[in-house]
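Some notes on the structure that comes next.
The values are calculated or read from the model by the stated rules, or taken from the named source; none is laboratory data. Remember, predicted model here, so these are calculated numbers, not experimental data. Neighbour counts are summed over all protein chains in view; Cβ atoms, including those assigned to glycine, are modelled from backbone coordinates with ideal geometry. When the accessible area is computed, the model is the full protein with side chains, heavy atoms only, and any ligands, DNA or RNA have been set aside. Shrake-Rupley method; radii C 1.70, N 1.55, O 1.52, S 1.80 Å.
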Amino acid sequence: MTDDILSFEEAMEKYDPVLGFEVHVELNTATKMFDAAPNAFGDEANTNITPVSLGLPGVLPVVNGKAVESAIKLGLALGCDIAPVSHFARKNYFYPDTPKNFQTSQFDEPIAENGSIDIELEDGTVFTIDIERAHMEEDAGKLTHKGGAAGRIQGADFSLVDYNRSGVPLIEIVTRPIVGAGERSPELARAYVAAIREIVKNLGISDARMERGNVRCDANVSLMPKGTTEFGTRSETKNVNSLRSVERAVRYEIQRHAAVLDAGEKVVQETRHWHEDTRSTTSGRPKSDADDYRYFPEPDLVPVVTDAEWIERLRAELPEPPAERRRRLKADWGFSDEEFRDVVNAGAMDVIEETIAAGAPAAVARKWWMGEIARIAKEREVELTDTGATAQTVLELNKLIEAKKINDKIARQVLGFVIDGEGEPAEIVEKRGLAVVSDDGALTTAIDEALAAMPDVADKIRAGKVQAAGAIVGQVMKATRGQADAGRVRELILEKLGVEG
């Protein structure tokens, strides 16, 4: 059943959005948060487990020291204060993917608090988002619903549980309420999650692949009638795992809340599930407050104690901050503000950097990633880096063009064949016979045929209208299926007609 919604424009005329985000980051440690089971993605179900992963009676957890260091690094990168002492707690609730019936997390004493992050939108506008806390916890298992529609729990015949993910180290980053974004709230939501993903990837603490659930966002939305300051009742859209979906989910919830309030009804405080196919949310369960989870200190884990020396050692290991890196790369590459902003917004900065490092000129790397590869990504509705093109692909295409073995038009065709899995560029050019025709004999034959078919154009060229040669070049290119060396064709035309170019 689809909820009533207001148009986004009407919702913005009547209400001010209040946002809040809880981003869960899976760490890429070798083992899980509290046991020695492997932390690996994609293995056979229920193979990366130990009695601790399954919450069997009598087991004792042990904190993963590498995960603690990752949490401290992330806290420092977010400008947070690192707690001298932090504790773990039990967050009690029943769900089939949590075999202990509680999640080991942090409650009132997290590892990091009181930070902030500047978020730059596409037009350069900057919003500062305050970070309330970043705390350590463990992930739950994964449920797969069988039967019913589209693999959802609603209408499923049964569910399967995989405990490989149970106990995987997580850091949850919680913002303070965000006000003042107005109609840019959906855009800000996307940009914020993108910034967190960039930071954790830059730190090397997470693979940050959203399609695998390495970064997931719970997006909180409420509305205030214009002219008021009291926050409305919020909803929480759970586990949104793509940037596009985060933006769309926030927009939809703003429209849904506005319709509920406009009808004189009350918004229900609840969790919601996002459905990309319908671009809508559906009700999950009533949202629990902290009291409902009956938090209490974890009796089987000692406190995490930090000291200044440890924190400063980790601070010294931090890589170049993403904002500083962007400024450096923009200057190194010589891109304009608009060009570089487009690169960042397209998520192309890393692949362009990799392509330049491989040996391609900056302008060439930008041209391919922001041009033909971006077009294909949009056409196939995939991320830029999921097309199958690589830095080496672009480098090889450019080398073939520079060697005049192919031209730009053929290079675009070759790229398509690479993405379709036919092989590497040079291999495809050879196999498909796509090399540029530069043999003067073959070109002269095609030129003679074109001149014979277009005598009026030939007369114009002889009369000194050299630009008319373009029409003959076009005919020759057509006759050679775009494989002629256009520059050489033009030279031969002018030579044949006795005209200086």
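For (1) more than 21 Å from T47 (Cα to Cα); (2) among the basic types (K, R), each residue gets a yes or a no:
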{"position": "I129", "(1), (2)": "yes, no"}
{"position": "R133", "(1), (2)": "yes, yes"}
{"position": "A140", "(1), (2)": "no, no"}
{"position": "G147", "(1), (2)": "yes, no"}
{"position": "I153", "(1), (2)": "yes, no"}
{"position": "A156", "(1), (2)": "yes, no"}
{"position": "R165", "(1), (2)": "no, yes"}
{"position": "I173", "(1), (2)": "yes, no"}
{"position": "G180", "(1), (2)": "yes, no"}
Would you be able to tell me the number of residues in the stretch 383-399 that are aliphatic (A, V, I, L, M) and either open to solvent by 20 Å² or more (accessible area, probe 1.4 Å) or outside any helix (DSSP H, G or I) (or both)? 1
Looking at D108, is it in contact (Cβ under 8 Å) with a residue 60 or more places away in the chain, part of a loop (DSSP other than H, G, I, E, B) and surrounded by 13 or more Cβ atoms within 10 Å (Cβ to Cβ)? no
Among F94, F127, F158, the single one that is farther than 25 Å from L19 by Cα and either touching a strand residue (DSSP E or B) at 6+ places or on another chain (Cβ under 6 Å) or open to solvent by less than 60 Å² (accessible area, probe 1.4 Å) (or both) is F158
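Out of A348, A331, A323, I need the residue that is farther than 24 Å from L243 by Cβ and either touching a residue at least 24 places away in the same chain (Cβ under 8 Å) or more than 22 Å from the chain's Cα centre (by Cα) (or both). Which one?
Going through A348, A331, A323 in turn, just one is farther than 24 Å from L243 by Cβ and either touching a residue at least 24 places away in the same chain (Cβ under 8 Å) or more than 22 Å from the chain's Cα centre (by Cα) (or both): A331.
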Suppose we filter the stretch 30-39 for residues that are open to solvent by less than 50 Å² (accessible area, probe 1.4 Å) and in contact with a Ser or Thr (Cβ under 7 Å, 6 or more places away or on another chain); how many remain? 5
For the stretch 79-91 the number of residues that are surrounded by fewer than 20 Cβ atoms within 10 Å (Cβ to Cβ) and under 30 Å from R341 (Cα atoms) is 1
May I ask you to verify whether L56 is under 25 Å from I173 (Cβ atoms) and either under 31 Å from the mean Cα position of the chain (by Cα) or modelled with pLDDT under 95 (or both)? no
From the list E13, E9, E22, E44, pick out the single residue that is open to solvent by 20 Å² or more (accessible area, probe 1.4 Å) and closer than 17 Å to N164 by Cβ. E44
Check P61, P17 and return the single one that is in the same structural domain as T278 (by TED's automatic domain parsing), at negative phi, in contact with a helix residue (DSSP H, G or I) (Cβ under 9 Å, 6 or more places away or on another chain) and touching a residue at least 12 places away in the same chain (Cβ under 8 Å). P17
Would you confirm whether any residue within the stretch 402-418 is in a helix (DSSP H, G or I), within 25 Å of D332 (Cβ to Cβ) and outside the structural domain of D277 (by TED's automatic domain parsing)? yes
Among the residues of the stretch 232-268, write down those that are among the small types (G, A, S) and on the phi < 0 side of the Ramachandran plot. G232, S235, S242, S245, A249, A258, A259, A263
So for the stretch 319-331 (the condition being outside the structural domain of V221 (by TED's automatic domain parsing), touching a Phe, Trp or Tyr at 6+ places or on another chain (Cβ under 8 Å) and open to solvent by less than 30 Å² (accessible area, probe 1.4 Å)), does at least one residue qualify? yes
When the stretch 416-455 is examined, which residues are found to be hydrophobic (A, V, I, L, M, F, W, C), modelled with pLDDT of 70 or more and open to solvent by less than 60 Å² (accessible area, probe 1.4 Å)? F417, V418, I419, A426, I428, V429, L434, A435, I447, A450, L451, M454
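Looking at T228, T271, T278, can you tell me which residue is open to solvent by 20 Å² or more (accessible area, probe 1.4 Å), β-branched (V, I, T) and over 16 Å from P17 (Cα atoms)?
Testing whether each residue is open to solvent by 20 Å² or more (accessible area, probe 1.4 Å), β-branched (V, I, T) and over 16 Å from P17 (Cα atoms) leaves just T278.
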